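Working notes, beginning with the structure itself.
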Amino acid sequence: MPLALFLLAIVLHLWLVWVGSFPGDHWALRQRWSPHPGWEHDYASFFQHLGTPLPAILLAAVALIVLLRSRLVAEAAGLVVACCAVPLNALLKLVLGPSPVWAAAHQSGHNYPSGHVTFVTAVIGYLGVIAWRRNRRRLAAVAAVLVIGVGPARVVTGFHLVSDVIGGYLVGAAMLLLAGRASAWSGHLTSRFGVITPPS
C-alpha cells in the first residue's frame, strides 16, 4: 500500500507534465498571501509556522523524548520513520522539479509535493495514531484536524497548488503507513529480545 501511494504521487506529477494542470491549480495561483490580520491570515499563518524547520524539529524531538521516556520503543522507531518523510519530500522535489503550471506562472522554487502537508500527514498523523491506540481521543482528534486543515491552508494563500497538496497527502500517507509497519516490526523485535513496553 505505501508503494502504491508513492507511485500514485509520481503518476499525478506525470499527469501534470504530460496532460495539464489539476482542477483548482489555476485558482490557487491567483491566491495571494495577505499580511493583514483576519481569520484567513491566522489560519494560514499557523500552518505556515507549524511546518517550518524549527517548530517541526522541536515537535518531533519532544515527541521522541516522551515516547522513549515512556518506554514506547516501538512507537519511537515508527516516529523516526515518519520523520524520514521530510528528506524524502525534499528529494522528490529535486527529482520531479516544479510542475509546468507553477513554472509557467514564474513562481520560484520546486512546488511538488507540498512539504508542509507531507510533514503534518506523516509525523502528526502518526502521533495521532499512537494517541488513538492509547485512548487519548482528544489528542488524536487534534492530530486529525491538523492533517485535514493543512492542505486547504496551503492552497488558499497561494503557497501551493491543489495538486501539490494532493501529492503531499499521498507521500505523507505512504510514510505514515511505513511508520506503522516499522513500529509493529520494532515491537516484535523488542518483545523477542525481552524489552518490555507498557501495554496499550
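The values are calculated or read from the model by the stated rules, or taken from the named source; none is laboratory data. Remember, it's a predicted structure, so these values are computed and weren't measured experimentally. Reconstructed Cβ throughout: ideal geometry from the backbone, glycine too, with neighbour counts over all protein chains shown. For the accessible areas, the whole protein counts, side chains as well, though only heavy atoms, and no ligand, DNA or RNA atoms are used. Shrake-Rupley method; radii C 1.70, N 1.55, O 1.52, S 1.80 Å.
Observations, loosely collected:
- Considering the chain at the alpha-carbon level, its Rg and Dmax are found to be 17.9, 58 Å.
- A crude spin-label estimate for the pair residue 29 and residue 8, with each label 7 Å from Cα along the Cβ direction, gives 2.6 nm.
- Mean sequence separation of contacting Cα pairs (under 8 Å, at least six apart), scaled by the length of region 1-137, corresponds to a relative contact order of 28 percent.
- Computed E for residue 66/residue 95 - FRET, C-beta separation, R0 35 angstrom, nearest 0.05: 0.55
- Within the accessible area of the chain (1.4 Å probe), percent carbon and sulfur: 72
- Just checking the listed ones, 13, 160, 106: in the Gaussian network model of the chain with Cα springs under 10 Å, the one fluctuating most is 106.
- Estimated at 0.36 nm per residue, the fully extended path between residue 84 and residue 142 surpasses their Cα-Cα distance by 18.7 nm.
- Three semi-axes describe the equivalent ellipsoid of region 74-170; taken as square roots of 5 times the Cα gyration tensor eigenvalues and ordered largest first, they are 28, 15, 7 Å.
- Summed residue charge, Cβ within 12 Å of residue 166's Cβ, Lys/Arg positive, Asp/Glu negative: -1
- Taking a ≥ b ≥ c as the square roots of the eigenvalues of the Cα gyration tensor, region 3-110 is classed as oblate, since a/c reaches at least 1.5 and a/b does not exceed b/c.
- Between 21, 186, 70, the Gaussian network model of the chain with springs among Cα atoms under 10 angstrom shows the greatest mean-square fluctuation at 70.
- Spatial separation of Cα centroids for region 138-155 and region 76-125, in angstrom: 17
- Stretching the chain fully between residue 135 and residue 40 yields a gain of 30.9 nm (0.36 nm per residue, less the alpha carbon separation).
- Average accessible surface area per residue within the chain, 1.4 Å rolling probe, Å²: 54
- Only helices reaching 30 angstrom along their own axis (Cα) with mean Kyte-Doolittle hydropathy no lower than -0.5 count here, and for the DSSP H runs of the chain these are 162-192.
- Here is how the number arises for the chain: DSSP H runs of 4 or more residues each give -39500 (n - 2.57), the sum is divided by the residue count, and the result at 222 nm is -23000 deg cm²/dmol.
- Fluctuation leader among 105, 44, 74 - the chain, Gaussian network, Cα springs under 10 angstrom: 105
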